[in-house]
Amino acid sequence: MTINPDLQGRSYPAKEVYDVGREKIREFARAVKATHPAHFDVEAARALGHSDLVAPPTFAIIVAQRADAQLIEDPDAGIDFSRVVHADQRFIHHRPIVAGDRLVAELHVDGVRAMGGGAMITTRQEIFALPAGASAATADGREPVATATSSILVRGEGQ
Amino acid sequence: MTPTLSDLAVGQDIGSRSIDVTRTDLVKYAGASGDFNPIHWNEAFATGVGLPGVIAHGMFTMGSAVQLVSDWAGDPAAVVDFQTRFTKPVPVSDTTGTADAGAVVEVSGAIGAIDADKGTARVDLTVTCAGQKVLMKAQAVVRLA
């Protein structure tokens, strides 16, 4: 299977809304062994000036990887998930993610580079918070929350 | 006490942390993150694709390493930019039924740069397992008063 070079520049619009819940923040924080009270105790988060529990700095990976799945599962992309290795990751936070946020992610394919028999694919997920009651496709009034970028290496045969 | 930008100097140590990792931790991370790639929980599958055994999610290592920075800064929301490259896998032995760790990840941090205009400091993290660097260019930019 070969990677489709025409993927570069492709975008996938925001598809589904991710509702950030308090218990999910606590569960994710425990899973990365975070102990800061702002992840667990609403009063502690409010004392720091946040409206609700604060998500750990890598929490956005949940939303980012859901968006990435659109590309990986796109039959036109030619990506074999069992040969995917995560090469790098970055999160730029425009504002903290807090419980109660309704998030959507737009996926952009920024780079496709052949490497041996495989390819390095760089994707960017622009994550926004929707106003109350808005649907996933709403662009009006949504607030930029985070920009996630990642590179995945799709290993070729024998790599 | 919360650090302030004016008190920091490049090269200053922010501390260190040792993280015990078990196979159970990887199952918990898989569930919490939604990343169910079997290389993180199934030995036969992992060795079948040429790995030494079950390895930790890169995002588990990245996510657990940053807590040193969150705790030092006094607010996890102070981390406004966080990036890394994944250079070496973290193999996690099966120690199920014992009190032993399957791997130990060592994290330490130092101030790499200060940007007074932006009100930020960059913390450079050194993250190793069994003496090998597993993350490269692990940098967290923190907004401080």
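Looking at region A:35-48, is at least one residue open to solvent by 60 Å² or more (accessible area, probe 1.4 Å) and of a type in the set (Gly, Ala, Ser)?
yes
Of all residues in region A:86-105, count the ones that are open to solvent by 40 Å² or more (accessible area, probe 1.4 Å) and either away from chain B (no Cβ under 14 Å) or within 15 Å of A:Gln65 (Cβ to Cβ) (or both).
Residues in region A:86-105 being open to solvent by 40 Å² or more (accessible area, probe 1.4 Å) and either away from chain B (no Cβ under 14 Å) or within 15 Å of A:Gln65 (Cβ to Cβ) (or both): 5 in total.
Please determine whether any residue of region A:77-85 is more than 13 Å from chain B (Cβ to nearest Cβ) and at pLDDT 95 or above.
Taking every residue of region A:77-85 in turn, none turns out to be more than 13 Å from chain B (Cβ to nearest Cβ) and at pLDDT 95 or above.
Quick check on region B:50-60: of everything there that is at the interface with another protein chain (Cβ under 7 Å from one of its Cβ atoms) and not aliphatic (A, V, I, L, M), which residue is least open to solvent (accessible area, probe 1.4 Å)?
Looking at the filtered set, the residue picked out is B:Phe60.
Considering only residues of region B:61-92 that are hydroxyl-bearing (Ser, Thr, Tyr) and open to solvent by less than 50 Å² (accessible area, probe 1.4 Å), which is farthest from the other protein chains (Cβ to nearest Cβ)?
Looking at the filtered set, the residue picked out is B:Thr61.
Just checking, which of B:Thr95, B:Thr128, B:Thr47 is away from chain A (no Cβ under 12 Å), touching a residue at least 60 places away in the same chain (Cβ under 8 Å), of a type in the set (Ser, Thr, Tyr) and out of contact with any Cys (no Cβ under 7 Å at 6 or more places or on another chain)?
From the options B:Thr95, B:Thr128, B:Thr47, the qualifying one is B:Thr95.
What number of residues within region B:93-131 satisfy the criterion of being crowded, with 17+ Cβ neighbours inside 10 Å, among the aliphatic types (A, V, I, L, M) and within 15 Å of B:Thr24 (Cβ to Cβ)?
1
If I filter region A:49-62 down to residues being more than 7 Å from every other protein chain (Cβ to nearest Cβ) and surrounded by fewer than 23 Cβ atoms within 10 Å (Cβ to Cβ), which single residue comes out as farthest from B:Phe36 (Cα to Cα)?
Checked region A:49-62; the qualifying residue farthest from B:Phe36 (Cα to Cα) is A:Gly49.
Among the residues of region A:33-66, write down those that are more than 13 Å from the chain's Cα centre (by Cα) and not in a loop (DSSP other than H, G, I, E, B).
A:Pro37, A:Ala38, A:His39, A:Val42, A:Glu43, A:Ala44, A:Ala45, A:Arg46, A:Ala47, A:Val54
Taking B:Asp35, is it open to solvent by 10 Å² or more (accessible area, probe 1.4 Å), within 11 Å of chain A (Cβ to nearest Cβ), part of a loop (DSSP other than H, G, I, E, B) and not aromatic (Phe, Trp, Tyr)?
So B:Asp35 fits the description; yes.
Restricting to region A:12-41, give me the number of residues that are out of contact with any helix residue (DSSP H, G or I) (no Cβ under 6 Å at 6 or more places or on another chain) and at pLDDT below 95.
Residues meeting the conditions: 4.
Got a number for residues in region B:7-36 being of a type outside the set (Asp, Glu) and without any contact (Cβ under 8 Å) to a residue 12 or more places away in the chain?
5
Within region B:131-141, can you find the residues that are part of a strand (DSSP E or B), more than 27 Å from B:Pro3 (Cα to Cα) and of a type outside the set (S, T, N, Q)?
Result: B:Lys133, single match.
What residue, among those in region A:11-32 that are open to solvent by less than 60 Å² (accessible area, probe 1.4 Å) and in a loop (DSSP other than H, G, I, E, B), is nearest to the other protein chains (Cβ to nearest Cβ)?
Applying the filter and picking the extreme gives A:Val32.
I'd like the residue in region B:1-19 that is assigned to a strand (DSSP E or B) and touching a Gly at 6+ places or on another chain (Cβ under 8 Å) and, out of all such residues, is surrounded by the fewest Cβ atoms within 10 Å (Cβ to Cβ).
B:Asp13
Out of region A:74-104, which residues are in contact (Cβ under 8 Å) with a residue 60 or more places away in the chain and touching a His at 6+ places or on another chain (Cβ under 7 Å)?
A:Val98
The values are calculated or read from the model by the stated rules, or taken from the named source; none is laboratory data. This is a predicted model, so every value here is computed, not measured. Cβ coordinates were reconstructed from backbone atoms using ideal geometry, including for glycine residues, and neighbour counts include every protein chain displayed. Surface areas here come from the heavy atoms of the whole protein model, side chains and all, with no ligands, DNA or RNA. Shrake-Rupley method; radii C 1.70, N 1.55, O 1.52, S 1.80 Å.
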